[in-house]
1. Students often get this wrong, so try it: which of [x] 0.98; [y] 1.01; [z] 0.96 is Rg/Rh (Cα atoms, Kirkwood Rh) as calculated from the structure shown?
2. What nm distance separates the two modelled labels at H45 and Y61, each placed 7 Å from Cα along Cα→Cβ?
3. Counting only the backbone N, which residues of the range 17-53 are under 14 Å from the spot 7 Å out from the Cα of L158 toward its beta-carbon?
4. Based solely on its DSSP helices, what 222 nm [θ] is calculated for the chain when runs of n ≥ 4 H residues each add -39,500 (n - 2.57) and the sum is averaged over all residues, nearest 500 deg cm²/dmol?
5. Give me the number: length gained by fully extending L25 to K131, i.e. 0.36 nm times residue separation minus the C-alpha to C-alpha distance, one decimal in nm.
6. Please determine, in degrees from 0 to 90 and to the nearest 10, the orientation of helix 46-69 with respect to the longest principal axis defined by the Cα atoms of the chain, where the helix direction is its Cα long axis.
7. Which number comes out as Rg/Rh for the range 115-184 once both Rg and the Kirkwood Rh are worked out on C-alpha atoms?
8. Taking H as built 1.01 Å from N, whose amide H comes closer than 5 Å to the amide H of T74, not counting residues under 5 places away?
Amino acid sequence: MSTSSEAPVSPAASSPREWRTIPNLLSFARLIATPVLGWLILEHHTNVAAGLFGAMGVTDYFDGYIARRTNTVTDLGTTLDPISDRVLAIVAGITMMFAHILPLWLGIPVLIRDLVLSVAFLGLARRGFGKPKVRRVGKTATFALLCAMPALVLGHGLRPLGLALFVIGGVLYYVAGYRYWQDVRTFLAHQRRPFGA
């Protein structure tokens, strides 16, 4: 959950109860709803899928807002929120390509970026890299993609808008990826040893 627009809020220390906060429950709900969304897309239940997309987008906004306003930012939440976003984008992208809703030339580059960064950050975590910084460009890219996807699912007159938003989101996705790469280079330079050492 990003805190870039307000004074930083330090995540609370992990505890067995921290998953019970409303923001974390909203993030868990998105994860649980993601496979349902994928099934709806594959079965071409476009109206229901678009409605679920919208509901998931609302929870994505409110989990961060509520956490900041109620001072319930937790270590679990700062991990769970971006993971739920990534899982949603990957599952929706794959199922939309299988359903011939999303062109392969648009969907595959976005999926490759997600997979490469996920593998890289898992490897870097073993070296103490920690959590990637939440950047405005990354949040904007995710917002554009998650607006584009329901427009593409509904199709018809909304398809050109969905395609345009997806292109914008995809470009910003790679801009954010480059910023992450700069963070990684700085981290590795401080360690003064190559990534595979």
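Read-outs throughout are calculated quantities, based only on the coordinates presented, and are distinct from any laboratory measurement. Bear in mind the structure is a predicted one, so any value in this text is a computation, not a measurement. Using ideal geometry, Cβ is built from the backbone for each residue, glycine included, and neighbour counts are taken over all protein chains shown.
1. Checked against the structure: label [x].
2. Computed distance between label sites H45 and Y61 equals 2.5 nm.
3. The answer is 41, 45-53, whose backbone nitrogens lie closer than 14 Å to the label point.
4. On the way: 6 runs with 143 residues, N = 197.
Helices in the chain give a 222 nm mean residue ellipticity of -25500 deg cm²/dmol.
5. Details: separation 106, 0.36 × 106 = 38.16 nm, distance 2.07 nm.
The L25-K131 span can extend by a further 36.1 nm.
6. With rounding to tens, the tilt is 30 degrees.
7. Numbers: Rg = 14.7 Å, Rh = 13.2 Å.
Dividing the radius of gyration by the Kirkwood radius yields 1.12.
8. Placed amide hydrogens put A12 under 5 Å from T74.
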